[in-house]
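Enquirer: Below you'll find the structure I mean.
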Amino acid sequence: MAGCSIRAIWILNNFDSVIFSRRFPVVERQWRTACKAENENSSNDNLNYTVYPLLPTDSELAAAFVERKKREGSARGFGIRVTQSAEGSDSWVDDPITRHIISLFINKDEEGENNMLWPLILHMKGHYCILVLPLVEPQHLKAYAGVCRRSDCGNAIGVPGSLSSLLFDLPSITGACMVAHAIGDVITGDVVEPEVVVSASPSVGGLLDSLTGSIGISGISTRTKPVAAPVAASTTSSTAVIGAATSDAPKFGSRPLDKDALRTFISSSMPFGTPLDLSYSNIFAIKVNGFSSSDLPLPDLKQPAWKPYLYKGKQRMLFTIHETVHAAMYDRDEIPDSISISGQVNCRAELEGLPDVSFPLTGLNKAGIEVLSFHPCAQVPEQGADKQAVMFSPPLGNFVLMHYQAFCGLGPPVKGFYQLSMVSEDEGAFLFKLCLMEGYKSPLTMEFCTVTMPFPRRRVVSFDGTPSIGTVSTTEHLVEWKIITGGRGLTGRSIEATFPGTIKFAPWQIQRLPSSRSFLGADEDSDFETDSTNNMVNVEEFLMEKMSKDLPPADLEEPFCWQAYNYAKVTFKIVGASLSGMSIDPKSVSIYPAVRAPVEFSSQVTSGDYILWNTLGKCPFAATVKV
């Protein structure tokens, strides 16, 4: 997070009241000095804009946040230019990133336009809204003010003067996002170490050694030892079992905000507003255990902030690639299917001292890697189109060494179609025809696969149908089809699965819920469709239109609840290898100074938003640019 400084942090509750704030005077003095210099030269600027040098009070910020919610329709805002967008507002920029990087107008009733606060990172977690304000140059703030007043709509990515080009020059944005997410995890208690899977179950002694010694303080006997993050152990059947050890860290859950714990985290992780180490497990271990004479750093080496304690014990290295597959399957000639992979390399280095670890990343083109980002402990000295060398000084416990985006080189693990046809207002006939693991070979194993048909706005009364494989269960608002269950993994072959059936709902009731249609430029009282059947192609379309008339469209926060019966969601887990082709050769991992430490590698793939859109219904899709 080099080059990142934080000016201020605010946390608001669901009543839009500031319940916690922290300002960093050292960073704020830098901002005021830069503002003074910029304002003195503003007469030479085409945009006559005076940069606001002061931070707002908590009440001023809360009032500005409420005003933005009214102006933009929600806390995040529209993200696109709509009829209600005002020149100078975030939605006027017509970029979805403005739902996450927002601006506020402080004391808007005062004359002049010197009151914009930007860039504010907005992160919503639980019942809280977290706002983080990083330090940028005043000229960047003025540039954004200019973008907010451009008449054109939908700036192309990378075009000079566009928002994307502006953000590309601000690495502090990335650091501020990491700070916001870390704070969100702390205040909600979602502090979970990344999972690392080992290839074989360790012995009892080895497991106990790893649990008590992995923090690196096994030589400390007079104080309570922090418990290591759990390590998932892979059994002979490749089923991951989470270790029984749990963290000693306090759980916040739904309890009131623990301000003392939050202050400790902020003061330790970002002293004077500069983020150093955002690992809550490290900070909590230091708070509980402190330091003793045995924890003194090596005299000839500089101990990094992310490794407050040194490891002592049996040495080894663990790497786990965890990929998440996102897909939108349409089965339509006019709409191409979309599938992508987001992956991360989790690591656990149980190494004594302060060694450096390095290994090459090869075959990046074959793996279809699009984006790479690394942990602050990593350096990437050698870069190329198809090869990158990675060197890092590993921190304590489990950590994410690398994030990446990639294509799915093997094709979709689950493909086929889903059809739902309404034969009456309260009864529908559906059909699934799927193919699982086509083209996938050993050692890739699908451990489980489940298809869910959600009906969030209809109540299921009865269901009839028998799948060709698997079991079916229902609740009031969904039908669940378990194709592959635990203990019956699919390896080295593909299977086809069909599932025809009918479903009945409770009688349809007209819903008059608040609709976001008016925000998008439609009249709330206007007719959504014609009552005459003359314009209908068939009875099914008539029923669809009749039931959709009073069904409000989804808000942007709920993209998959647009209709009551438009999609099915697939969940699965695959082990054995990655789908992108990303891999690490344990033999290529080098440790300096050289030590005898075995290197273990594993991988697992899980589904994210893997959606089968109803082939016979309406569906949203991204428009492609025609060249």
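Enquirer: Could you please tell me which pairs satisfy a Cβ distance under 7 Å, a separation of 6+ or placement on different chains, a first residue in segment 15-43 that is closer than 23 Å to Pro271 by Cα and in contact (Cβ under 8 Å) with a residue 12 or more places away in the chain, and a second residue that is assigned to a helix (DSSP H, G or I) and open to solvent by 60 Å² or more (accessible area, probe 1.4 Å)?
Expert: Phe20/Lys259; Phe24/Phe272; Val26/Phe272
Enquirer: Let me ask something else about it. Could you name every one of the helices (runs of 4 or more DSSP H) located completely within segment 136-220 that has at least 2 residues being at pLDDT below 75?
Expert: 204-213
Enquirer: For segment 409-491, give me every one of the strands (runs of 3 or more DSSP E) that falls completely inside it and has 2 or more residues that are free of Cβ contacts under 8 Å to residues at least 40 places away in the same chain.
Expert: 460-465, 471-474, 478-484
Enquirer: Let me ask you something else. Given the criteria part of a loop (DSSP other than H, G, I, E, B), crowded, with 16+ Cβ neighbours inside 10 Å and at pLDDT 90 or above, does Pro56 qualify?
Expert: Against the criterion (part of a loop (DSSP other than H, G, I, E, B), crowded, with 16+ Cβ neighbours inside 10 Å and at pLDDT 90 or above), Pro56 qualifies.
Enquirer: Within segment 89-108, count every residue that is surrounded by fewer than 16 Cβ atoms within 10 Å (Cβ to Cβ) and over 20 Å from Leu12 (Cβ atoms).
Expert: 2
Enquirer: Which of the residues that make up segment 69-83 are buried (at least 21 other Cβ atoms within 10 Å of the Cβ) and assigned to a helix (DSSP H, G or I)?
Expert: Glu72
Enquirer: Further question: Condition (residue is open to solvent by 60 Å² or more (accessible area, probe 1.4 Å) and of a type in the set (S, T, N, Q)) applied to segment 410-420: is it met by at least one residue?
Expert: Within segment 410-420 (the criterion being open to solvent by 60 Å² or more (accessible area, probe 1.4 Å) and of a type in the set (S, T, N, Q)), the answer is no, since none of the residues qualifies.
Enquirer: Looking only at residues that are in contact with a Phe, Trp or Tyr (Cβ under 9 Å, 6 or more places away or on another chain) and in a loop (DSSP other than H, G, I, E, B) in segment 1-43, which one is surrounded by the fewest Cβ atoms within 10 Å (Cβ to Cβ)?
Expert: Per the stated criteria, the residue is Asn14.
Enquirer: Any idea which of Ser340, Ser294 is small (Gly, Ala, Ser), farther than 27 Å from Met391 by Cβ and either part of a loop (DSSP other than H, G, I, E, B) or modelled with pLDDT under 90 (or both)?
Expert: Going through Ser340, Ser294 in turn, the sole match is Ser294.
Enquirer: Looking for something aromatic (Phe, Trp, Tyr) and out of contact with any Pro (no Cβ under 9 Å at 6 or more places or on another chain) - is there at least one such residue anywhere in segment 425-444?
Expert: No, there is no match, as no residue in segment 425-444 is aromatic (Phe, Trp, Tyr) and out of contact with any Pro (no Cβ under 9 Å at 6 or more places or on another chain).
The values are calculated or read from the model by the stated rules, or taken from the named source; none is laboratory data. It should be emphasised that the depicted structure is a prediction, and the values quoted were computed from it without experimental measurement. We place every Cβ from the backbone using ideal geometry, glycine too, and count neighbours over all the protein chains shown. Remember, those area values only see protein heavy atoms, side chains included, never the ligands or the DNA or RNA. Shrake-Rupley method; radii C 1.70, N 1.55, O 1.52, S 1.80 Å.
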